[in-house]
Every structure is written in structure tokens, then in C-alpha cells.
1. Which distance in nm do the two modelled labels at ALA65 and ASN136 give, with both placed 7 Å along the Cα-to-Cβ direction?
2. Along the positive direction of the dipole of region 68-271 (beta-carbon charges: Lys, Arg +1; Asp, Glu -1; about the Cα centre), which of ALA222, VAL250, ILE168 reaches farthest?
3. FRET efficiency for LEU53 and ASP239, Cβ-Cβ distance as r, R0 = 25 Å, nearest 0.05?
4. Just tell me, in residue order, which DSSP H segments of the chain are both 24 angstrom or longer along the helix axis (alpha-carbon based) and at least 1.6 in mean Kyte-Doolittle hydropathy.
5. Hey, with R₀ at 41 Å, roughly what FRET efficiency would ARG170 and ARG212 work out to, going by the Cβ-Cβ distance, to 0.05?
6. Suppose every K and R has +1 on its Cβ and every D and E has -1 on its Cβ; what is the size of the dipole of the chain about the Cα centre, in Debye to the nearest 20?
7. Extension gain THR38-PHE109, at 0.36 nm per residue separation less the Cα-Cα distance, in nm?
8. Normalise the Debye intensity by I(0) for region 76-168, one equal point scatterer per Cα, no solvent, then take log10 at q = 0.22 Å⁻¹ and round to two decimals.
Amino acid sequence: MAREKWPWIISAPAAQRARSCGAWLALLCATVYALWHTGFFDLTRLANGAGKLGWLLGFMFPPAANGWFLEFCEGILETLGMAFIGTLFAALLALPLGFLGARNVVSSFTIHFSLRRCFDCLRGVDTLIWALVFVNVVGLGPFAGILAIIVSDLGSLAKLFAEAIENIDRKQAEGVRATGASALEVLRFGILPQVIPVILSQTLYYFESNTRSATILGIVGAGGIGLHLSDRIRVNNWDEACLIIIMILVTVSVIDHLSKLIRLRIIQAGEYRP
């Protein structure tokens, strides 16, 4: 009690202070080593890089379409379609898996543990790696990007949905069960209404994130505007690459803003739901 009220009077034991100082010193040494190993302190490389950056910016401005503007717009729409379809199917598949992975729905430790480890495996591999895999499986194009988004998001969304289901108010579910409802009716009327706002909000956030990710997937051949950007960079058409980057930034900004507004509406509706 005295330590909590007057921490500046009663100091920590010497061994605890030594461990704390040792941990901070180890973190500092690791940070300095990482910066040195990656060449962060190489001022010559930084100066040369700044010169090359200025050279690239000189070729990028003013941006120009050179007759490819409609194709760039089609690439943007294809990227949005990849993000939307991939997120939608990932959420639809993750919802039942989230119920199966929630402790308060399925009490079996074996099922719960197995599903959670599967979720960790799926979300442990980056979307870009999944895109490389599916490009080799199904070929070039947006279908590979959609599959990559589905598999990558499936593990993350299923884990988030399971945690949301585990954090519900059990009284509402118990009240529905007390009326003689079946297990399916308890899920439908006692659990699902509580988690729908959270699920929709998380799904929208992932759509917003996937809009950015889908632009990168095209660079490895998974379709979308990223494919156009990769082609322009490869042949040094920097003015067209600059226009594509600007179009990507505008698209992502609009999607981020709209997604934020919708998520706020959903959260507020969930808070004031009777």
C-alpha cells in the first residue's frame, strides 16, 4: 500500500532496478546494431539516394496518361473489385469459423485449440506471399489476388470474430435459452445481434486495408492497377507511374474516409440499440 501511494519514497529493490536497466540497455544495443547493420548511418548512401530521388522526381512530373487513362481507371476498378470480393468471401467464411472457435459456443478444447492454430497459420503468411502462390497455381490475373486476400484475411477475421463472440453479454443469450429456444435459436437471437456491429466494423476495416494491399498484389502479377504500375516502372515511364500513384492515393483516401464514416455509424447504432 505504501509503495503504491508514495513510489518515490520507497524505491524498487536493487535487483529489480538492475533487471530494468539491463533490459533497456539490451534494447538500446539491439536498436543501434540494427540501424548500423542496415546501413542507416551510411551518409554516402543516403546522399546518393537523395540525388537519385531528385532525378526520379524530375522525370515523374508533370504526370501524364499518354492515352492510357481509361486503362488506368479499369485497373483501379479491378483493384477495388479484388478487395471487395476477397473481403466479402473471407468474412462469410470466417463467421461460422468464428462461432466454432469461440469458447462460449463450442466447449471442446480440441476443436477450439485446433481452429485457433489454423487461424494463426493462415494469418501468419502475408498476403503478398499467398499472391505469389496463387499466381503459380491459377495463373496471372485478379483471380489469384482474390484468392490471396480470402486466405490471408480468413485467419485474421475468424480470430477477431471468435474473440468478439467470447466477449458478449451472456445474460441475453441465457435469457433466450430460458424460453426453451434451441441452440441454433440462441445463436440467432442471443449472440448474433450483439456481435453484428463489431463484425461489420471489422470487415469494413479489412476492406479498407485490402484496398491498399490489392495495389501491391498486381506487382507480382495478381491483376489490378499494380500491374500497370509495375509495367511503367520496369520500362521507366515515370510520368505515367506518377499518375498511377496519384490515382491510387486518391482512391485509397476516398475509401478510407467512406469506410470510417460507415464504421462510426455502425458502432453508434450498436451502442444505442435497445
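1. 3.8
2. Going by the charge dipole, the pick is ILE168.
3. For LEU53 and ASP239, the calculated efficiency is 0.95.
4. Those that pass (Cα extent of 24 Å or more, hydropathy at least 1.6) are 69-100.
5. Using R0 = 41 Å, I get an efficiency of 0.65.
6. Taking the Cα centre of the chain as origin, the dipole is about 1100 debye.
7. Stretched fully, the THR38-PHE109 segment lengthens by 21.1 nm.
8. The Debye formula, applied to the Cα set alone, gives -0.98.
Laboratory data are not the source of any read-out in this text; all were calculated from the coordinates shown. Bear in mind that the values here come from a model prediction, so they are computed numbers and not experimental data. Here the Cβ is made from the backbone with ideal geometry for all residues, glycine too, and neighbour counts use every protein chain on show.
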